[in-house]
Amino acid sequence: MPVVTALRATRRGHVAVHVDGSFVCSVSDSLVARWRLFQGRELDDDALVQLRGQASAERVLTDAHRLLGHRARSRHELSRRLLQKGHDDEAVAGALERLAADGLVDDAAFARSYVADKRGLSGWGSQRIRRGLVELGVDAALIDAALGAAATPEGDDAELERALAALRRRGAPQPPLDAARRRAYQALLRRGFSTAVAYAAIRRWSADGPTGADET
């Protein structure tokens, strides 16, 4: 029967388990205690498979918590990052289920936070926010709910006010007004506001200028 031949501390604070003279996996102190690992401990093949599986699950959760410690992430983004780190599909899927059960991975909450951040801090329009959430793998229904699915195609009043505020931060339009409006229009599109919202905001912004009667 396979025998634990060495338990060696690693630089990252784990314990490297060697069985029959060969490295098997790295585990935490808690796994060492749970498995009652010591030099000379016998482990059959099934036990070794279980130990490796638990060690893998432990590593992927550690990496997941580290990634989430930097900032919130969508389920898709977190999965992609963990797979890039070399974790296998099964371990990542298990970790995501556990994190979801603990409330640490929640795409609905993530979408709401993303919308609030991009609207309030970055000044993005709904279209750019939607593109960002789609790229992060968030479900369309959750994106609609976070943005406010009741918004009309022309854009709701709040979206128009955000676009207008972005323009007013640029200052009142200065002559030549046609050029100022073109620049403002392109700026709003880059921020992700719809064409309809951009036009409506520019009409109101034009009233701030020295020749408010000269409107589009």
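The values are calculated or read from the model by the stated rules, or taken from the named source; none is laboratory data. Note that the structure is predicted; figures quoted are calculated from it, not measured. Counting neighbours? That spans all protein chains shown, and the Cβs are built from the backbone with ideal geometry, glycine included.
Restricting attention to the range 20-29, the residues that are surrounded by fewer than 17 Cβ atoms within 10 Å (Cβ to Cβ) and either under 14 Å from A47 (Cα atoms) or not small (G, A, S) (or both) total 3.
Looking across the range 113-148, the residues that are on the phi > 0 side of the Ramachandran plot and in contact (Cβ under 8 Å) with a residue 40 or more places away in the chain come down to G123, G137. If you filter the range 162-205 down to residues that are aromatic (F, W, Y) and without any contact (Cβ under 8 Å) to a residue 24 or more places away in the chain, you find that the one that is farthest from G132 (Cα to Cα) is Y199.
Here is a check on your reading of the model: is S122 among the hydroxyl-bearing types (S, T, Y) and at pLDDT 95 or above? Against the criterion (among the hydroxyl-bearing types (S, T, Y) and at pLDDT 95 or above), S122 does not qualify.
Scanning the range 1-19 for residues that are surrounded by fewer than 12 Cβ atoms within 10 Å (Cβ to Cβ) and either within 19 Å of A57 (Cα to Cα) or of a type in the set (D, E, K, R) (or both) yields R8, T10, R11, R12, G13. Restricting the search to the range 102-138, which residues are under 10 Å from G192 (Cα atoms) and either of a type in the set (K, R) or in contact with a Leu (Cβ under 9 Å, 6 or more places away or on another chain) (or both)? Answer for the range 102-138, where residues must be under 10 Å from G192 (Cα atoms) and either of a type in the set (K, R) or in contact with a Leu (Cβ under 9 Å, 6 or more places away or on another chain) (or both): G125, S126, Q127, R128, I129, R130, R131.
Suppose the filter is touching a residue at least 12 places away in the same chain (Cβ under 8 Å) and of a type in the set (A, V, I, L, M, F, W, C); does A158 pass it? Break it down stepwise before answering.
Values: touching a residue at least 12 places away in the same chain (Cβ under 8 Å): no; of a type in the set (A, V, I, L, M, F, W, C): yes.
Considered against the rule, which asks whether it is touching a residue at least 12 places away in the same chain (Cβ under 8 Å) and of a type in the set (A, V, I, L, M, F, W, C), A158 comes out as no.
Considering only residues of the range 178-199 that are surrounded by fewer than 19 Cβ atoms within 10 Å (Cβ to Cβ), farther than 21 Å from V115 by Cβ and not hydroxyl-bearing (S, T, Y), which is farthest from the chain's Cα centre (by Cα)? In this case the residue turns out to be D178.
Looking only at residues that are polar (S, T, N, Q) and in contact with a helix residue (DSSP H, G or I) (Cβ under 7 Å, 6 or more places away or on another chain) in the range 77-132, which one is surrounded by the fewest Cβ atoms within 10 Å (Cβ to Cβ)?
As a first pass, look at the range 77-132 and keep what is polar (S, T, N, Q): 79, 84, 113, 122, 126-127.
With the extra rule that they be in contact with a helix residue (DSSP H, G or I) (Cβ under 7 Å, 6 or more places away or on another chain), the set shrinks to 79, 126.
On the way: S79: 20, S126: 24.
Only one residue tops the list, namely S79.
Per the conditions (1) touching a Cys at 6+ places or on another chain (Cβ under 8 Å); (2) surrounded by fewer than 17 Cβ atoms within 10 Å (Cβ to Cβ), the sole criterion not satisfied by R36 is (1).
How do the helices (runs of 4 or more DSSP H) wholly within the range 55-138 filter down when requiring 3 or more residues that are of a type in the set (G, A, S) and either over 13 Å from the mean Cα position of the chain (by Cα) or closer than 26 Å to A163 by Cβ (or both): which remain?
Values: elements: 75-84, 89-101, 107-120, 126-135.
Filter on the range 55-138 gives 89-101, 107-120.
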